[in-house]
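Would you mind keeping the following structure in view while I ask a few things?
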There are 4 protein chains.
Amino acid sequence: MNSSGTRSAILLIHCKDQPGIVVSITDFIFNNGGNILSLDQHVDSEHRRFFMRVEWDLEKFLLGPDSIDKAFEDAVATRFGMEWQLHFSSDRPRMALFVSKLPHCFYDILSRHEAGEWQVEIPLIVSNHNDMAAVAARFDIDYVYLPVNPDSKPEQESKQLELLQDYGIDFIVLARYMQILSESFIDHYPQRIINIHHSFLPAFPGGRPYHSAYERGVKIIGATSHYVTAELDAGPIIEQDVVHVSHKDTVEDMVRKGRDLEKVVLARAIWHQLNHNLLVCGNRTVVFD
Amino acid sequence: MNSSGTRSAILLIHCKDQPGIVVSITDFIFNNGGNILSLDQHVDSEHRRFFMRVEWDLEKFLLGPDSIDKAFEDAVATRFGMEWQLHFSSDRPRMALFVSKLPHCFYDILSRHEAGEWQVEIPLIVSNHNDMAAVAARFDIDYVYLPVNPDSKPEQESKQLELLQDYGIDFIVLARYMQILSESFIDHYPQRIINIHHSFLPAFPGGRPYHSAYERGVKIIGATSHYVTAELDAGPIIEQDVVHVSHKDTVEDMVRKGRDLEKVVLARAIWHQLNHNLLVCGNRTVVFD
Amino acid sequence: MNSSGTRSAILLIHCKDQPGIVVSITDFIFNNGGNILSLDQHVDSEHRRFFMRVEWDLEKFLLGPDSIDKAFEDAVATRFGMEWQLHFSSDRPRMALFVSKLPHCFYDILSRHEAGEWQVEIPLIVSNHNDMAAVAARFDIDYVYLPVNPDSKPEQESKQLELLQDYGIDFIVLARYMQILSESFIDHYPQRIINIHHSFLPAFPGGRPYHSAYERGVKIIGATSHYVTAELDAGPIIEQDVVHVSHKDTVEDMVRKGRDLEKVVLARAIWHQLNHNLLVCGNRTVVFD
Amino acid sequence: MNSSGTRSAILLIHCKDQPGIVVSITDFIFNNGGNILSLDQHVDSEHRRFFMRVEWDLEKFLLGPDSIDKAFEDAVATRFGMEWQLHFSSDRPRMALFVSKLPHCFYDILSRHEAGEWQVEIPLIVSNHNDMAAVAARFDIDYVYLPVNPDSKPEQESKQLELLQDYGIDFIVLARYMQILSESFIDHYPQRIINIHHSFLPAFPGGRPYHSAYERGVKIIGATSHYVTAELDAGPIIEQDVVHVSHKDTVEDMVRKGRDLEKVVLARAIWHQLNHNLLVCGNRTVVFD
């Protein structure tokens, strides 16, 4: 359901720019009885690349949800060599949470979920520590404790992948999970693992960014949510925000102020993921907002 | 010229929502040889109203600039009962500045203009004081001094209207002009007079908002750019921003911090006006950004 | 304990400005063996009023916690006619939460509390609805359900005051509590009831501010935490912040974006309250930050 | 003159923390008849370092401006091993502007100066290009054109130093001056050369930061004002701020949005410099605000 209570379909598209794309898509929707609710399209003039998100009302749409895929492929997508995804406002994707010991993002996500803020299922929590097990229990979510060290990592990642498969997980959120995932693990969930990093990337990648920020004497600290790729803290950025700090702020103060930022910057990324607002092209995201 | 150096056309449209609007417009553009550069469309689901901004490349467009109007009217606009405007990226509108004694917005606009930041002509400055005449001279712009008091106002407004006519003015910017315009004056330039008010409206309308903000003990102060309507400080809002203040800030400090805000909030409104990003519906603006 | 792990004392002072105040206070601290950790002082030049917060290390302080009060009164405070408060970094005040049906601020506060973010006890939750009882149970906090209607209000407020007394409550936080407290209730906790209002006051006081914001077409929405006084939404402001919205945002979107703001603006007010950063003078707060 | 119209003195102090510093300073002021207007003091608990800014009214002060230095040295500073500076609210320092071809910061500074926003003299502009000469002429300020290439740099820097000496310059502002100053040049003006860098340092140091920001796909861009040191873009940071960008923003859009940020972030640094709010310790600034 979209915000106005109607069942709708969403197409996310990118391809080489060429004349006639918009009219072909909107013609496809109109001829099948759909009414467009919103359409956001632009051309990246530097790379001559076309990007679009369109959402339409399914109420009088002539094609059933299962037949839209093929119909669109045949009528439009193939002709223009599109990369595209089809989603429905009625989707209720399944998200897994990976956590370590820090509770703030974890709690924030669970309380939003319980308050019904998001249209998502959270059936599984994975952690390399046992600290958050009691919290998970309180929210009635399965919590699997899989400690990781360099030797055990391949084996534990295999178990994690099995779990993700068993629970039918669509995408993963690393809620301050303090482990680096292997490239092979990441390859199973391309553009489907969201991380929150506690700095305004590309400044201060890696560990202890608040300490580095303090040492450098910056006047702002930040948080960055991004898709995880093989290169650490270098994946496509989804959301960033900052807060002002002063010379009086100790590292501990920065950690405290940063927590509030991390929570909201991660939550916004999850919101965009759930609302099918995100496209990735190269190492940049398009956030239809 | 748009930002990628191509001559393009821009349509701003709103009307009652109904199926087939987007496809009709994009079909019109495509069939006449246009390539869409960006399209931003949404439906206000509460009022069932359709809003759209579309920009397309004119390079291979089959219709000349002068014939697009009628062709679009006949092919699309009439059928859907649209309110619409056509603009060109090559437009260079003529803007008049109204000022009183405060120089900050005035200087900011003139220096942006001279630096070539905006595609605009500024042939005329009108003021109820003589203070800024020397600055205007420095920038080689005609400066007309028309002092206003309650008695002389009708007469002076007539002169202003004549001047605006003579100079072929398209829209007016009140850069901290400390006079209230009459309803009849405003009627000559509907949605074409932009004001900057030094508060986050609707808080603190009218005079001395920084004093009121100080008295109320607010922790943020703001600025609001809006179209001028007959009701004071109540017109459609284009841009707003705020800055944090503390208990240490005196009224004078707020005035100082506010100046920087006023400059940028007014400049952003002018930018949107010049880029044909603005639609007004009722008392709300749509800012295609 | 303050952030550097030392036990310290904090004095909050305001009085008529006059020469010799700072030296008298710092002399009192130094002569009793205290080392000042921070001192923030200013004079409101318009009202000739002196404001100060000073914190000093108690490690080698010669006076015991219980004898500082009288010693300071005799040595300094009486002479200058000061209004003042003494606090200790080791204080662990007792806070009561008043809630209705909305969970976001409530959850945010409880999870911060459980994560050990704040030095506070939360022994009591009062609500006019039963909706949040299960959440309170999960956090093992007493939850008292006291439904309120115009007729029962005086009686229920009496019960609330009894509860607050029984639980030894130091201050009250209204976490989106949807009831107006009577003047006589408020008088029992002067400058000790903190409310979160979902607008950038003084804009949009009272009910349904997001609806009013939508109607007015503002480009920012805000939240305001303030001390509760007899006049609705007019008490001294502690913290304010805003977030940008666009024409695409429905009232529902504003409610969603506003929730994140309300959480953080209320949490910052509680932080300042717990760190003894707040002074009230007239209807304005001094926030030593 | 300070903001309340009184002549006042300002002391900026840092030293090893030890008991009795504040009382010694405030005793010195009180005993000489001064009334403290504001005092901001804190201890960096990690480095056990004491920082303070104090401002007091000179109206009834017994020491003349010329004798305060020695009196303070003898009575207080030597005993505690202080690094300190004495300033007067009536100071009117002399600032030199270094510019290249970009006008936005340059214009912003000159128009603030002319509007009387700052208590400063600007007698000299130095540039490696002739582009801004006409603007300088308009503001009646001497403009010296000194083109720089790798070979001529030592010679031209000698001429610059001579000019700075001749004009009695107190501090230098690089208003987007596109040349790297030599270490020996910088040594003549330690903590007296302010630069504006067009990124949120430490991200994107060096040239073309907007291009790098675009490539990295960041969602915020920033500006940083800092004191110039021998290491490029690595000096103590004075002010930083950011603005949000989206995937639609081209490099050109970032340059445009960044200009407004650069202007205000540089202007705030100059404001702090002129109000004697800045201390440098190691590579970090203390900004008393």
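The values are calculated or read from the model by the stated rules, or taken from the named source; none is laboratory data. Predicted, not measured: the structure shown is a model, and the values here were computed from it. Here the Cβ is made from the backbone with ideal geometry for all residues, glycine too, and neighbour counts use every protein chain on show. Ligands, DNA and RNA are excluded from the accessible area calculation, which covers all protein heavy atoms including side chains. Shrake-Rupley method; radii C 1.70, N 1.55, O 1.52, S 1.80 Å.
Springs between alpha-carbon pairs under 10 angstrom, Gaussian network model over chain A: which of A:V43, A:V99, A:V228 fluctuates most?
A:V43
Something else now. Need one number: % antiparallel among DSSP beta bridges in the protein assembly as shown, to the nearest 5.
The antiparallel fraction comes to roughly 70 percent.
What share of the DSSP beta bridges in chain B is antiparallel, in percent to the nearest 5?
Approximately 70 percent, going by the DSSP bridge assignments.
So which residue of D has the beta-carbon closest to the axis that swings D onto A, and how many whole Å away?
Nearest Cβ to that rotation axis, in whole Å: D:A203, 2.
Further question on the same structure: 7 Å along Cα→Cβ for the label point: how many nanometres lie between B:R256 and each equivalent label in the other copies, listed shortest first?
Relative to the other copies, B:R256 has label-point distances of 2.9, 3.2, 4.2 nm.
Which three semi-axes in whole Å describe the equivalent ellipsoid of segment D:94-287, each the square root of 5 times a Cα gyration tensor eigenvalue, listed largest first?
26, 18, 18
Considering only the label points, 7 Å along Cα→Cβ from Cα, what distances in nm to one decimal separate B:R94 from the same position in each other copy, shortest first?
List, nearest first: 4.8, 6.8, 7.6 nm.
Can you compute the charge dipole magnitude of chain A about its Cα centre, using +1 on each Lys and Arg Cβ and -1 on each Asp and Glu Cβ, nothing else charged? Give it in debye, rounded to the nearest 20.
640 debye
With the dipole of chain B worked out from charges on the C-beta (+1 for Lys and Arg, -1 for Asp and Glu) around the Cα centre, which of B:A75, B:S225, B:V251 lies farthest toward the positive end?
Of the options given, the answer is B:V251.
With runs of 4+ DSSP H residues as the only contributors, calculate the mean residue ellipticity of the protein assembly as shown at 222 nm using -39,500 (n - 2.57) per run, divided by the residue total and rounded to the nearest 500.
Rounded to the nearest 500, it is -9000 deg cm²/dmol.
Among residues other than B:F80 whose Cβ falls under 14 Å from its Cβ, what is the net charge (Lys/Arg +1, Asp/Glu -1)?
It works out to a net charge of -1.
Sticking with this structure for a sec: Which residue fluctuates the most in chain B, going by a Gaussian network model with Cα springs under 10 Å, if the choices are B:N32, B:N128, B:N277?
Among B:N32, B:N128, B:N277, the largest GNM mean-square fluctuation belongs to B:N32.
Amide H of C:V144: which non-local residues (sequence gap of 5 or more, or other chain) have their own amide H closer than 5 Å, using H built in the peptide plane?
C:I125, C:V126, C:S127
Spelling out what I want: for every residue of segment B:272-286, take phi, set θ = phi - 60°, compute 6.51 cos²θ - 1.76 cosθ + 1.60 (Karplus), and round to whole Hz; glycine and proline get x.
Along segment B:272-286, the couplings run 5, 4, 6, 9, 6, 9, 10, 10, 10, 9, x, 9, 10, 9, 9 Hz.
Note down the relative contact order for chain A as a percent, whole number, built from C-alpha pairs under 8 angstrom at least six residues apart.
Result for chain A is 14 percent.
For C:K248, what is the net charge nearby, where nearby means another residue's Cβ is under 13 Å from its Cβ and Lys, Arg count +1, Asp, Glu -1?
Counting the neighbours of C:K248, the net charge comes to -3.
What per residue convex hull volume, in Å³, do the alpha-carbon atoms of segment D:172-289 yield?
Measuring per residue, one finds 95 Å³ for the Cα hull of segment D:172-289.
Mean separation of Cα pairs under 8 Å and 6+ residues apart, divided by the residue count of segment D:138-273: what relative contact order is that in percent?
Rounded, it is 20 percent for segment D:138-273.
Let me know the mean shielding of C:244-257 by other chains, meaning the per-residue number of their Cβ atoms within 10 Å of its Cβ.
Across C:244-257, the average partner-chain Cβ count within 10 Å equals 4.
Report the net charge of residues surrounding C:F50, where surrounding means a beta-carbon distance below 11 angstrom and charges are Lys +1, Arg +1, Asp -1, Glu -1.
Value of the local net charge: 0.
A further question follows. Collect residues whose amide H, placed 1.01 Å from N in the peptide plane, falls under 5 Å from the amide H of B:Q119; neighbours closer than 5 in sequence don't count.
Long-range HN contacts for B:Q119: none found.
On to the next question. Specify the inter-centroid distance of segment B:20-58 and segment D:1-74, based on alpha-carbon positions, in whole Å.
Value for the Cα centre distance between the two parts: 66 Å.
Shifting gears a bit: So how much accessible surface do D and C hide from each other in total, probe 1.4 Å, in square angstrom to the nearest 100?
The D and C chains share an interface burying roughly 1600 Å².
As a quick test, which of the pairs A:K219/A:K263; B:K257/D:K263; B:K16/C:K248 have an alpha carbon distance above 18 angstrom in this structure?
From the list (A:K219/A:K263; B:K257/D:K263; B:K16/C:K248), the Cα-Cα distance tops 18 Å for A:K219/A:K263.
List every residue whose amide H lies under 5 Å from the amide H of A:V286, counting only residues 5 or more places away in sequence or on a different chain, with H placed 1.01 Å from N in the peptide plane.
A:L279, A:V280, A:C281
Now a separate question. How much of the accessible area of segment C:8-88, probe 1.4 Å, is carbon plus sulfur, in whole percent?
Exposed carbon and sulfur together represent 50 percent of the surface.
Dipole magnitude of the protein assembly as shown about its Cα centre, charges +1 at Lys/Arg Cβ and -1 at Asp/Glu Cβ only, in debye to the nearest 20?
0 debye
For segment B:196-210, in order, what is each residue's ³J(HN,Hα) by Karplus, 6.51 cos²θ - 1.76 cosθ + 1.60 with θ = phi - 60°, in whole Hz (x at glycine and Pro)?
After applying 6.51 cos²θ - 1.76 cosθ + 1.60, I find 10, 10, 8, 7, 7, 4, x, 6, 6, x, x, x, 6, x, 5 Hz.
Scan segment A:1-81 for trypsin sites (Lys or Arg not before Pro) in coil per DSSP, keeping those whose Cβ has at most 16 other Cβ atoms within 10 Å, and list them by number.
A:R7, A:R48, A:K60
Just tell me how shielded A:107-115 is by partners: mean number of partner chain Cβ atoms within 10 Å of each residue's Cβ, no decimals.
Mean shielding by partner chains, rounded to a whole number: 5.
PRE reach from D:R94 (point 7 Å along Cα→Cβ): which of segment D:164-187 fall under 16 Å by backbone N?
Counting backbone N atoms under 16 Å from the label point, the list is D:164-173.
Rank C:L274, C:L86, C:L124 by mean-square fluctuation in a GNM of chain C with C-alpha springs under 10 angstrom and give only the top-ranked residue.
Its mean-square fluctuation being the largest, the pick is C:L86.
Another question about this same structure. How large, in Å, is the protein assembly as shown by the Kirkwood hydrodynamic radius built from its alpha-carbon pairs?
One decimal place: 32.4 Å for the Kirkwood radius.
Above 16 angstrom, tally the Cα pairs of segment A:68-146 and express them as a % of all pairs, no decimals.
The share of Cα pairs beyond 16 Å in segment A:68-146 comes to 59 percent.
Divide the volume of the convex hull of the Cα atoms of segment B:8-88 by its number of residues and quote the answer in cubic angstrom per residue.
Dividing the Cα hull volume of segment B:8-88 by its residues yields 75 Å³.
Please enumerate, by chain and number, the lysines with C-alpha under 21 Å from the C-alpha of D:K159, excluding those fewer than 8 residues away in the same chain.
Result set, ordered by chain and number: D:K101.
Another question, if that's okay. From the phi of every residue in segment D:16-33, what ³J(HN,Hα) in whole Hz does the Karplus formula 6.51 cos²θ - 1.76 cosθ + 1.60 yield, where θ is phi - 60° and glycine or proline is x?
4, 6, 6, x, x, 5, 4, 5, 5, 5, 5, 5, 4, 5, 5, 5, 9, x
Give me the percent relative contact order of segment A:8-88, please, defined on Cα pairs under 8 angstrom at least 6 residues apart.
47 percent
Next up: What are the label-to-label distances in nm, one decimal and shortest first, from B:Y145 to the same spot in the other copies, with labels 7 Å along Cα to Cβ?
When each copy's label point is compared with this one, the spacings are 3.6, 7.7, 8.4 nm.
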